Each structure stands twice: as structure tokens, then as C-alpha cells.
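Notes for the one structure printed next.
The values are calculated or read from the model by the stated rules, or taken from the named source; none is laboratory data. No experiment lies behind these values; they were computed from the predicted model shown. Positions of Cβ are generated from backbone atoms using ideal geometry, with glycine treated the same way; all protein chains shown enter the neighbour counts.
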Amino acid sequence: MSKPGRFVVAGAGISGVRASLDLAETGHEVVLLDTAPVSGGILLALDRQFPNDHCGMCRMLPMLDRDQSKYFCMRLGMFHKNVTFMPNTEIKEIGGGPGDLKVLLQSWSAKVDPDLCNGCGDCLEVCPVSLPDDLADSLSLRKAIFKPGPNTSPSTLAIDPDSCILCGKCKEVCQTGAITLGPDYEQTLEEKVTAVIMATGVEYFDPGDASMYGYGKYADVITSLAFERMLSSSGPTQGRILRPSDGAPAENIAWIQCVGSRNLRLGADHCSGACCMFALKQAGLSMEKGSRPTIFYMDMRTFGRDWQKYLDRASSSGLRLVRCRPHSLEARNGGGLMLSYSPVPGELIDEHFDLVVLSVGRAPGWKGPDFSDQDGVLVTGGSKRLLDISRSLVSASSVSFRAAMISGSPVQAEQGDSITSQRVKVKSKVLVVGGGPAGLSASLALAGQGISVVIVEKNDFLGGNVSQISDAEARERIRELVRDAEKNQDIEILLKSRPMEFSGTTGNFQTHVLDQQNKGPIIEHGAVILASGGSQSTLPASLVHPKVMTVFDLHRRLDDPEIKEKDLNCLVFIQCFETRTKEKNYCSRLCCPTALRSVEKIRSTHPESRIIFFYRDIMTPGDLEHLYTRARELGAIFIPYQTDIPPKLILEKEQVVVEGFDPYLGEEVKFKADLVGLGSGLGPGSGHELAELFGIRVDREGFLIEADPKWRPVDSGREGIFICGLARNPVSLDEAVDEGRAAAQRAMRLVYNPQARMSVSTARIRPALCSMCGLCWTVCPYFARYPGSKGAMEVDPLACQGCGACVAICPNHASVLEVQGD
Amino acid sequence: MDKSFAFLKTNNQPNRILSRALGKLLDKGLVSAVMAPGITNGSDLPMPVLFTRDEAMESCIPLAPAAGVSAAVQAARIGRKVKDKRVAVVLKPCEVRGVIELAKLNQTSLESLAIISMECPGRMENDAYLAKLSASPDLPDLYLNDSSLQDQASSTCLSCDAFEPQGADITIHLFGLPVMEHIGISGMTAIGNELIEAMDLEKPGAAYDQREAMARLREKRGRAKEELFQKTGEILKNPDQYLEVLGNCLGCFNCRTACPLCYCRECVCARESFDRDLDDVSNRAKKTGQARMPAGLSMFHMTRMVHMSHACVGCGQCSSYCPSKIPVADLFRTMGQQVQNTLDYSPGRDPEEPIPYLRFKTEAGS
Amino acid sequence: MTENASSLIKHTALMRPDGHAADFCLGCGTCAAGCPMTGIDGFDPRKIVRMAMLGRDEQLAASSLPWLCTLCGRCENACPMGINIVGLIRSARGLTEKDKTPTAIRKGLEMLLETGNILGLPEEDFGFIITDVAEELNEQPGFEDFTVPLEKKDARLLCTLHNKLVNIQNEDLIHWWKIFHLADESWTLPARNWEGVNWGLFSGEDQVLKVAVDNIVQNMERLDARHLMYPE
Amino acid sequence: MEQTTQQTDLVKTEQTDFDKEFHPNIVALVCNWCTYTAADLAGVTRLKYPAEIRMIRLMCTGMIDPRFIVESFLRGADGVFIGGCHPGDCHYINGNLKARLRIGGLKALLQGMGIEPQRLALHWIGASEGTEFQKQVKDFVEGIRELGPSGFGVYDSI
């Protein structure tokens, strides 16, 4: 075993923090840097995040090695013994090769000594410079010396070198002598590291630059980031929703979506991927404060597993959604704004709003030099794609694993430690259920770190849905994963098998795996990764017709020479076919991109055929938006429909007719279709069965549920059991691979050391007092209890997180919390 | 399940006749044992007795107007230990509630129990019963037919309007019936009906209308209960009065021992952490001039209330056991009522109803 | 009816210099929200774009929709997809059968082709009006020697006229003539085909557009003017 | 010199007023992750909150044994303030919801014992809500001040 690696992570936003924690938890050393004086990135400004309106950032803290990170709210900052945070620092140069990079870092003086500053704020009073506060997106003013985050710790202030006039007044009043205004010093530092992770985040569009919607001209037009601060009780309005122009309460609020995105004139042929949800959240929170919100949108992009339900909740609690892009607005006498919009053809409305919030788009943002092409430099998070929190974390964990693998040798198990935490012996083996892309990438990642893996696959082949995938490149990628897994000596593959009995405690599980003859081994393993996949939904029997198929089947069929040569006058796609409705209330994410990709394919053989889409919301987040634009450019016609009047399929012997309503024409339209593709979605496979066997949660639709949809996306909630891929939520191939690696990363942290450390504080049972009433079992949120064989409840030592719920519910104090060490 | 109402001719000996009917269950092998109030050597006080042969049923007093202990605990013990056999247990309605509550706490299983309960006229305090019994050996039968005797029941029973059993397999009907001629028996579940079949009962020609008798009793006891809660509520709200009532506590912990719901193996209050530090006592003494030395009894009672008030089934055994005649049950029931109302919970009502402090799981959002 | 025709208008739009066809339309309604005509007689730019996309050229050409548009361009200016809505509408007008175009425009177009101006004003009448206005200006002090340089060769500036200036608002001519006179500008007015308004643009008829442009080009060449002043 | 005397007098008067005022004993049980952070934030942003509260930091409000609260009252507390994460924000998933339920039952019990329910308060205060922490604590202490001493401590004499 080699020495632990050392890594530089550039960007201390949520992706950078996640990647750093992942590496730190498996014994590596990390230098985490940011150009800002504090860590936290954009999340410093967001008190609550969708899809549950909660904060809970602290849940991403290490669950096991928790004593290594301080017990802190993550909004205060990130602290871990293996992570050195360098504020005001950027990368100047990267040299060398992977595994042996030389990184030149440059730091500049913060002018305020964090060891001396006590955050008293006397300097804020005397600083003569006032300028718009970036954090509040110019909603309020700050001084040249300022508090860089609403509640960062240590509570140090910082000086913005660009606006400071060096008048020295702050220095005069500072009682601790923390301020140095001398010549700017810059310090360069060379780090020798295994790999560099770039997690440099995103930039938000400035609507002032494009003179959009009177931003900068009317005070009551603000960005969504400014509104976020307005919602915060630590923000400029203490959480009250006010018109900036006159401080009057803002009752009617309009959100305008896609400002700076989905706009070809601005060269923004992308979707930011999160603003719809962001606006829904803001609107929902504003309703709690008594406002009446309206969201102006084009496509409500609720493409995450639970997002459609989130939208439904908001709508049912009174949120108004208007499908159109407003044209312009004007100031109104007596405050507020007049917004002109046209929700349906022929109708023009001027409506008064107190406040207009521009949902500003994002774009990858990094002003420094681009090192992404360099070997040994990996890119993650929003800086790679426009991701929401959950996907950012998955991406960061995936990348951190790849970074760790660059060192080429497995992570060393951590030995002695100054902290006297108790340890539990764990099995250094992981059971992976499912041999699709997610399971394979998880297995390969673990095997690459010297952890042995058993893959249990129900089919007699690996690769999951590979036969269903028409994209040759994707197919080849999966085949490569299969080949790599098959020849890896650390991976044992059990085909035509399924897990049947499961028992034990975290780190020491036993699973009986049975083949079709009901025979098979009992596998002892430390962790489980559930990657059981899923499949496309089958169409109802009433729709069996040679011309009607799912969009996935249609996409494949387009490769048939027979179809290529056939006369195709008209193809009709019906998206969200019986999905995003009561029975199956989620977006499958892949139907839209697949159908849109089909357009290009059709055009290559049939330049003149008519291509019609009936859709509710086209779901093409991020770069996928280009697929939509391209399909329109290729002449596909998009007709939105509402769930109460869906397009009708009339099946006849030789032909299929699709009837629908075109809202722009205000008329019925009718198409004789040569082929019909239905976006009927994807569904999880054996979710319910697995959930029951492994004692984890599953949703109504059969998707395995994570411990926390944002902060612990691949944790099942039961320590030692991890979930990824289509079993958890509809994902693309890339995402499945990322989730597999992220799950591997989480499992790795548990089993890489044969002596896993327990949490500092865990519950213990005093067996003599236990009456086995089971109250503790029921209240334990971590599944860390089980009825023991000796007439008393027992605690799963690695699963227990020391929350004390068991202690509070046990009338007899048979359950007690023990704190080790200090 | 339709109730199957039938009569049992009592020939002025309702207890004996009912015992024999129960004996038939043993005789026919429908149950492997019957647990019911009975007399064993050494005492005339009815105690839970386990009968396994029908000839032994002569000492059984199933409708005894006294209960040395709450039979809930014993029934629960049977339910926990006995598997694959059926045991009939004769319980008062409050005891049935106790068993159900204990089942929720995983202290028993209802699977092997056939619960027989009755419309309860209440029980007398043990000493009053024994005194009366020496003068009148037929007291257990007479009591069922004599409302002036029933008025001598324990104060808890006199203020109990939950006298109709809930959750039993068989209900024995007494109110509004000429009990010296016959009592009514109905099966409330499939098991209950199966057992009743074996008792060779006569099917009713014309059923008695019990409604008026029940309503009268419910009204009477309900009023008594409200008065009690009112009175006790006032005491509870007034620290001086409360102290006066509780001041006589000796710290014998009998109330805890008697409580069928106190299921802990060893009470938390018996532990060191409940001992008052002498410094505490002396600090208090310095402040107020005096402080009672055996400290922490108020903490004991409060803790028991915190732990048990939501689950109190109102059997009154705690009061019966108290050597200082502290109306522990009154205090508990009054408090229990308030807590149960707040939590919208009724102990022993339904085995499926979760313990209120576990119900957070069903809640979403704020 | 089932939709199956291909669209002429689409092709017209594709020929625009910026190449942004109506295909890009998201149906977002920004155009309609900015349009002064939305809702009037059922007008809505989205509808026109959609009809074009569906290939309903004939239906569009037969409707009054293209002619309700003022061609102001607010829609196009705001369209996030950069769709040439005005161009599209103009193309749609071009498809309208001749007898279906609004009478005033039709008549003007005929005059333009016949006489080189929309009013159908003969050359001698035009000369008379110009001379008359010039004489009026001569009455003002300092402009006694002013003459209109009609058909002057080698002028720096050739001016076209909006027909209104010749018809009902001819006193407006005086203002800029005064400026030219004081500035000693070298300029000229053509005696024929002086029309500066190109109704071929409005009507969507490219051949008329061309005729009107050619008229001006010929004037420039004939009179060897170096620059063109085009008031429309 | 004269000025100094005046100032001293002023201070004295203030002190006398302060002494006259009832200073309740308040126990604040706050969760580590949210409310403690908010309290910390209130501290560093110099938001003044009443000095009467004695803050006890717990990992989670879900671990609050009602006994702690009962004991606080028995030992002479005039009010108990509990601060936890907003529903959904709990670091331990749902500890705060458990606390809410338990405290609901306890309130009924305390009320039955003559303790005004206002003396036991549970508030959700998120990590960034320093001002909210200040406001809630202030309001609570003021409320208790108006109610006066609880008088419940006397029970502990048995």
C-alpha cells in the first residue's frame, strides 16, 4: 500500500467541498482553495434549496470519521483535519504529469488577519467606501471592508482590494490590530500533488449587460439571487419581501424565467438546468410570507425524480404559472411595474406587479487560465455542466474517485490516530447488485482501489439495457465496462442470480445469493451498492400497433434499413405519454433527448418528412437544449398540450391518426402518422423487492430513495447501503456512471480500512434494563437498531450517528449515548 | 363481525355457572388454559389464576368484584410466552386496554390470547371486599345484582365510564339483565364465536334492551368522572394543594409496581441519577428555611407522569396499592386525560394505533 | 384537415440574410406581448409564424392577418430566437392574390408601376408643384434667389421624396430646402420617378420592389449624382 | 467631578431599576446544527439578547428527554426555551419532529400541573436566522417576565 495522495481542489463551492471531503475521508490530503476569502460558493447566499425547501447542508459532513471534522453547520465553512483551506488563492500554473503534478499557487493578502480579527465590525462603521454587495446581487450596499459570507466562521472580515482606497480609517479603529494596509503582498507556493480537481463553479448572467427587462433602470426589477437574499433573515431585508424602490411590502411578484438563457440572440443556446426549480422554491417560500407569486415560463423543467411532485405541491397551494415570455415592462405611478405579456394568442395583458424577479441563467464560469486539457486535471460540478446540488455532489464524488485512482495504487488504510475512537472490524468487500453501467462503474472503481467486489446480476449477461441503446458510442462504452469488469481479478461476477437473504450490521453484512436453481453462496461483505437499474415502460395493450412504439424503440428502429428506405411523410411524437401524471408522477429525463435526437436521424434520410411533437414541457436541461434548438431548425413542429386535453391516437388497420389542439392556431390539428413515438418514460426495476430485502426506503413508483435528495444522493439512509443509477432515478448513461462512482466512493470510505472508526458519540444499550419494547427501533432514523439474540435491542455501531432519539424515547434509559474521547 | 348474542342460565350462581361454561373450553380442548380471577390457598382475595383442568374451575370467580392485582400484566406474560396454543384470559375492560397497550410496546402478543371481558360493574377495594365477604360469602354473585353494593366500588371504578370492553373476543353482558336468571354472552370475533359455540348456550328468544341501563350508568359514572377530573385538576394546578396530597408519599414505589403499564425492567427513577444531591437539598433549605430530606419524590411522580400519562388505562391499582392513601390514580387519570386529548390518543383502543410519540413519521412538512 | 403541405414561406424566411427561419420559434409569446396589434381582429404574430411553419400558406395568404401588421418590428426586436417575423409577414403578403390586397395599396402600386410614383402624378404636374413651392420660398427674405435644382447633373446629393410632401404637406419641403440653400448644398431632384416610398416592400411583391429601386438607380446614373438622400 | 457623580448616580438608578425587575431563570436547549449556529451568528453580529438565558447545546432537539425539562422547572426554572432546525432541516432527519410531538404532550402535562404553556417554547430557528433567534429569545423572556416566577420549584421540596 502506498502513501496517501495529496490533491489540489480549486473552488470551494459545494462541488469542491464534496470532492475534498471524499478525498479527506479516505485518508488523502487536500489543499482546497478559492479566490474568495471564504468557502461555500453560491450556497452561502441560499438559505434553503429545492426540492424540499430545506437547508441541511450539514448532512454532507462525514458520517463516520466525524470527529475529524468539527461539529459545525456547514454554512460556517468547511473544516477537516486532512483539508487545508486557502482563501484568496488561485492556480497560476500546472506542470508535470498525472500522479506528479507541480501546481503553482498564488495567494494574495486578505489585509485582515483572521487570527486577530474578532469580527467586531467597528471598521464597517468608519469605512467611507460603499458599493453594491455582490452577495445580495446589488440589492444592498457593502463597504470596502466587509463580511464575506452571512455566517461564515471564523467571523473574519475581508477587504476588497479593488474598492479599498487605503484611507486607513479601519486600521485606526481596529482594537486587535488585525488590519494591515501595507503594500499588497502576494505569495506563491508550489504544491506537488497527485491530481488537481477544478470545481470552479458557474457565473450568473447579468441582465444589465443586455438591458433586459429594465434591470438596472427599475429598482423593483431584481435577479433571483437578490431575491434569495431578500428571503433570508440574514439578508438585507431580514427576510421580508419588500419593493426596493420604496420599501413597501411586495405582494404581487412575477418571476421571469430564462433571462440570459435559451436565447439565441444572446448566444445562449443552453438551459441553466435549475432556475425553474429555483423559481418554484422562491415562489413557494414567498407564498409562506403572504405574497402572490406568478411564474412566467416556457417549459417547466421539473426533470428530477421528485421535482414534478414539488411543482404539483406549489401549484396546489396557489402558485400561478403562466406559459409565456413577457415582452417588456414599465414603471407604474405609485410604485411597482407594469408587465406586458400574452399568455394565449390574441390576448394581450398588462398586469401590475410589485416586484419582478429575473431568473437569471447560468453559464460555466472561470476567469483564470484553463487547465482542463492537462493530464491529471479533472473538472467537476457546475464548471463542467450546469448541475443542481445533488448532481454536483454526485459529479464531485465521481471525480474525486477518479482523482484518487490517478495515483495508481490503492488508498492506504489509516492506522493509529490520536483520537481514541473505537473501531469496528469490517469486511473489505462490497456487494454490487446489478451489472448495468452504474453497477459496473462502481465495481471497477472499487476494484481499482483494491476492494474486492461481487456483482450479482439477474440476467445471464452484464451491461444492463445495452441492447436497448441505439447510440453506437454509448454501446461501445458499456461493452468496454463489461470487458474491464470481466477481466478484473478483484471482481467476482454471479450471473442469473439474485440476493435473497440479508442480515448483519454495517461493515459486516451477510447476503445469501441464489441462482436459478436456488443455490448460491452466502457472501460476507462490508457494504452494498444497489444498482439494479430499470427499463422503459411498456405500452398498454390497447396501443399495440406496428406504427406505434416508445420513443426509445423508435430511435432504434430508425437504424433499420427498411425504415430508412420507407416513405415517411409524417412522424408524430407524443411526449410525457402517461407520465408526469398521477400514476407515474415523475419525468424520465431521457424521452425528450432521445426523441429530439431522432429528428436528426430522420432528416438524414427523409429531408422532407413532417415531424410533429406534442409535448407538455421539453426537458432539455444544460447543453441538451441544443438538441431542441436543432430539432426546430430541422423543421420539427412543437405543439404544446395540457393534460386535460391530450392528443388522441386513432388506431386503424393501416394507419394511425393523431389529433390534437394547436393553441397557437386555436384549432384542432390532425396528422396521418407513418410512425408514432410515445415518450412513455422509464421505470425502476425491482425497487420494491430490494427495498424490502435491504430494509431501505422506496417511493411509490418503486425508485429507491436516498437519505437526503440533495446532500446524500447515493446514500440509502441505512449506513453501508448505497444506491445509484436507474434504480434511484431516471439517468443518462453518463449520470449512471457518475452515480456508480459516487456510490463506490461512499462505500469505499466505509470499507477501505479493515478497522473502521465509529462515530464519536454512539448509542449503547444496557441489556439488563432493556424491555425490548422496540420504541428505539422505531424512532432510530438510521436503521441502527435491531432486536438482538440476547433479549435486548442491539446497536449497529457504524450505523449509529448519535442523534439521541433512542435515549429520549426510552422510558427506562436502557439506551444511552456514549461520547468517546474528549 | 356480527355479534352472536346468547344466554347463560345462572340459577342464582352466575360466577359458578360461568366458570363451568369456561371449563367446557378446557374440557373440549379449545383452549389449553384459562386465566381468570380465582381463589387459591391462603387468601380469599381473587387473584389471577391459571386453570388447566375443568374440575379445578370450582375455585374460579370470573366476575369477582375485586382484583388483588391487575391481571393485564399476567395476561401479557402468557401472551408473550405461549406460542401455538390458545389461552383464554378473563379480564376487566381496563385490563384488556392494558394488554393491548402492552402489545404495542412489544411486551406481549395478542395472537395466542382469547380475551373474555365483561360489562364491568367495578371492583371494590381489597380490604372493603374482604370485610364484606366475611359477612356475606355470596358477595361475588350478589354484587352483580345489587346496585347499592356496586356503589361501594373503588372511587376509580365509580368514575369510570369505559366499562364496556373494547378489543375482547367475548363480552359478557350484565347490565340491564336479570343476572340471577341469566347473563348474556356474545362473541366479538371469529375466535370468540368459535368458543361460544362450545359453551352450549341458549340462543336468545328475545334479547334484553340494555340501552337504557347502559346509558344510565354511563351518565352517572361520566358525571362522577367529570367531577373527579374537575376536582383533581384544581389540586394539580395548585402547588400548595398538590404538595399537601403528595407530601405523604413514603417513596415505597408501590404505585409503580401496581401499574400494569410500567413495563420497564427496572425503573429509571430507582437509579442514582434520581437521587438528590445533598447540596441541592441544603441549597433549597437555605433558600426556604426547610427542605425535605428524602429528596426527589416529586421528580419520581413527574417522571412517571411523563412516561405513562399518555398510556394510563385508568385501572386504579396505583391508588389501591398506596399505603398513604394518596389518590395517585385520580392524579394520573386527570393528567392522562389532558395529555391524551392533546395527543389525540386513547390507550388500549386499538392495537394498530401507534404510540403517540412515534406518530411523527406520518407527518410531513411543518 | 390533416397537415401535410410544405411551406413556401419557410423558404422565403430561410433566404433572409440572418438565416433565422421561423423554425426556431419556441411559441414563447414575447413577440405577441410586444405587438401593438395583438388581439385586434384576432391578430397575433405567433399565429402567423405557426401557420407558416405548418405550411398553411394559402390559408395565411387568404386571411387578413398579414395586412393587419404595421411592420413596426417590435416583435422581431424582442424575439429571443431572432426570428425574422417582419420578413415572414412580408413574404406572406407577397402570396396574397392581387385582387385581395387592400385597395389603397393596390392602387398605389399600380400608379407606381405606371407613373413612377404612388400618387400617379404626371411629370408636368410635379414640376408645377415644385416651382410653385419654390416661388413661395422666394418671398422669404434671403431666399429671393432660390431655385429648385431639378434634373441638375453632377450634384453631390440626389433627393427622393415622400409622396406626402408633394401631395398634401408640400410646405414641409420648404424647411429642408432652406437648409440646403443656406448650406450651399449641391443637390438635385429628379423630374420623374422621384418617389421615395417603396410599396413593394409593404406589399411583399419583390418585382415591384425592384422596379421602384431601379427607378432610383436610373435617376442616379442619369444625373451622375454621388449620394442619395432617401427619406423613407 | 460633579459630572462624574451624576454619572454614578445614573448608573445606580439604572441598577436599582434592573434589580427591581424580575429576572427569570431561563433554560435554553438548542440544537448544535441550526439554532446554536443562529445564536452564534447573533453573537458575532452583535445582536443583543437577554442575559437571563442559560444556553445548553445539544446535538439534536430530538434527544431532549422531557425529564430535562421537568427537572429544570422543578429546580426553579421559570421558562424553558427550545430551539431546533426547521422541519426538514434536521441533521438527524427528523429529530425536531420527534421533539415537537413530545413537547406537545409535555405542554399538556405542564399545563395540568399549573405551569402556563407559554413557559415552554419550541421554535424553529435556522442557522442563518440570527435575528430570528434574537427576536424569539427576547419575546420569550419578555413573556416570562410578564408571567412572573413559576412557583413550580416548590414541588422539589418533596
Is at least one residue of region B:208-216 over 23 Å from the mean Cα position of the chain (by Cα), closer than 25 Å to residue B:346 by Cβ and either at pLDDT 95 or above or within 14 Å of chain D (Cβ to nearest Cβ) (or both)? no
Within region D:39-58, considering residues that are of a type in the set (A, V, I, L, M) and at pLDDT below 90, the one surrounded by the fewest Cβ atoms within 10 Å (Cβ to Cβ): D:51
What are the residues in region C:96-150 that are of a type in the set (Asp, Glu) and farther than 15 Å from residue C:161 by Cβ, if any? C:97, C:99, C:110, C:114, C:124, C:135, C:136, C:139, C:144, C:145
Applying the selection to region A:598-621, what residues are farther than 16 Å from residue C:28 by Cα, more than 12 Å from chain C (Cβ to nearest Cβ) and buried (at least 19 other Cβ atoms within 10 Å of the Cβ)? A:598, A:602, A:606, A:621
Anything in region B:1-53 that is of a type in the set (Ser, Thr, Tyr) and more than 19 Å from residue B:198 (Cβ to Cβ)? List them, or say none. B:40, B:43
For region B:229-260, enumerate the residues that are among the aliphatic types (A, V, I, L, M), within 14 Å of another protein chain (Cβ to nearest Cβ) and outside any loop (DSSP other than H, G, I, E, B). B:235, B:236, B:243, B:245, B:246
When you scan region A:634-666, how many residues do you find that are closer than 30 Å to residue A:348 by Cβ, crowded, with 16+ Cβ neighbours inside 10 Å and either touching a Gly at 6+ places or on another chain (Cβ under 9 Å) or facing another protein chain (nearest Cβ under 10 Å) (or both)? 13
Of the conditions (1) at pLDDT 95 or above; (2) assigned to a helix (DSSP H, G or I); (3) farther than 16 Å from residue B:192 by Cβ, residue B:55 clears all except one; give me its number. (1)
Residues that are touching a strand residue (DSSP E or B) at 6+ places or on another chain (Cβ under 9 Å) and assigned by TED's automatic domain parsing to the domain that holds residue B:69: does region B:128-138 have at least one? no
Go through region C:148-171 and give me each residue that's loosely packed, with under 15 Cβ neighbours inside 10 Å, in contact (Cβ under 8 Å) with a residue 24 or more places away in the chain and in a loop (DSSP other than H, G, I, E, B). C:153, C:154, C:156
From the list B:219, B:272, exactly one residue is outside the structural domain of residue B:308 (by TED's automatic domain parsing), surrounded by fewer than 12 Cβ atoms within 10 Å (Cβ to Cβ) and farther than 23 Å from residue D:110 by Cβ. Which is it? B:219
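From the list A:608, A:578, A:633, exactly one residue is modelled with pLDDT under 95 and touching a helix residue (DSSP H, G or I) at 6+ places or on another chain (Cβ under 9 Å). Which is it?
Details: A:608 fails: touching a helix residue (DSSP H, G or I) at 6+ places or on another chain (Cβ under 9 Å); A:578 fails: touching a helix residue (DSSP H, G or I) at 6+ places or on another chain (Cβ under 9 Å).
Sole residue among the options that is modelled with pLDDT under 95 and touching a helix residue (DSSP H, G or I) at 6+ places or on another chain (Cβ under 9 Å): A:633.
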Tell me which of these residue A:212 doesn't satisfy, since it passes every other one: (1) modelled with pLDDT under 90; (2) of a type outside the set (Lys, Arg); (3) not in a loop (DSSP other than H, G, I, E, B). (3)
I'd like to check which strands (runs of 3 or more DSSP E) are fully inside region A:310-354 and have at least 2 residues that are at pLDDT 95 or above. A:320-323, A:337-341, A:349-353
Determine which member of the set A:771, A:759 is at pLDDT below 90, farther than 30 Å from residue A:583 by Cα and either away from chain D (no Cβ under 14 Å) or not in a strand (DSSP E or B) (or both). A:759
Which listed residue, of B:191, B:115, B:196, is in a strand (DSSP E or B) and of a type outside the set (Phe, Trp, Tyr): B:115
Output for region A:568-620, where each listed residue is β-branched (Val, Ile, Thr) and in contact with a His (Cβ under 6 Å, 6 or more places away or on another chain): A:594
Out of all the residues in region D:39-52, which are more than 8 Å from chain A (Cβ to nearest Cβ) and of a type in the set (A, V, I, L, M)? D:39, D:42, D:47, D:51
Where the second residue is aromatic (Phe, Trp, Tyr) and the first is at negative phi and lies in region C:22-44, which pairs have Cβ atoms under 7 Å and are six or more apart or on separate chains? C:33/A:341; C:37/C:43
For the list (1) over 26 Å from residue B:272 (Cβ atoms); (2) assigned to a loop (DSSP other than H, G, I, E, B); (3) within 12 Å of another protein chain (Cβ to nearest Cβ), I need the number of the one condition that residue A:777 fails. (2)
With A:157, A:141, A:166 as the choices, which residue is within 14 Å of another protein chain (Cβ to nearest Cβ) and not small (Gly, Ala, Ser)? A:157
For strands (runs of 3 or more DSSP E) lying entirely in region A:35-120, having 3 or more residues that are among the charged types (D, E, K, R), in contact with a strand residue (DSSP E or B) (Cβ under 6 Å, 6 or more places away or on another chain) and more than 23 Å from residue A:392 (Cβ to Cβ) picks out none
Reported set for region A:806-822 where residues are within 10 Å of another protein chain (Cβ to nearest Cβ), under 22 Å from residue A:507 (Cβ atoms) and crowded, with 20+ Cβ neighbours inside 10 Å is A:806
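Please indicate, with yes or no, whether at least one residue in region A:32-39 is closer than 25 Å to residue D:59 by Cα and either outside the structural domain of residue A:149 (by TED's automatic domain parsing) or surrounded by fewer than 22 Cβ atoms within 10 Å (Cβ to Cβ) (or both).
Yes, region A:32-39 has at least one match.
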Would you be able to tell me the number of residues in region B:320-337 that are buried (at least 23 other Cβ atoms within 10 Å of the Cβ) and either among the polar types (S, T, N, Q) or in a loop (DSSP other than H, G, I, E, B) (or both)? 2
From the list D:106, D:101, pick out the single residue that is buried (at least 24 other Cβ atoms within 10 Å of the Cβ), assigned to a helix (DSSP H, G or I) and either more than 10 Å from chain A (Cβ to nearest Cβ) or not aromatic (Phe, Trp, Tyr) (or both). D:106
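Restricting the search to region D:63-85, which residues are without any contact (Cβ under 8 Å) to a residue 24 or more places away in the chain and either touching a Ser or Thr at 6+ places or on another chain (Cβ under 8 Å) or more than 7 Å from every other protein chain (Cβ to nearest Cβ) (or both)? Spell out how you get there, then give the answer.
Taking region D:63-85 as the starting set, the residues that turn out to be without any contact (Cβ under 8 Å) to a residue 24 or more places away in the chain are D:65, D:67, D:71.
Listed by number, the list holds a single entry, D:67.
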Go through region C:60-76 and give me each residue that's surrounded by 15 or more Cβ atoms within 10 Å (Cβ to Cβ) and in a helix (DSSP H, G or I). C:60, C:61, C:65, C:66, C:67, C:68, C:74, C:75, C:76
In region A:622-633, what residues are within 13 Å of chain C (Cβ to nearest Cβ) and farther than 20 Å from residue A:324 by Cβ? A:626, A:630, A:631, A:633
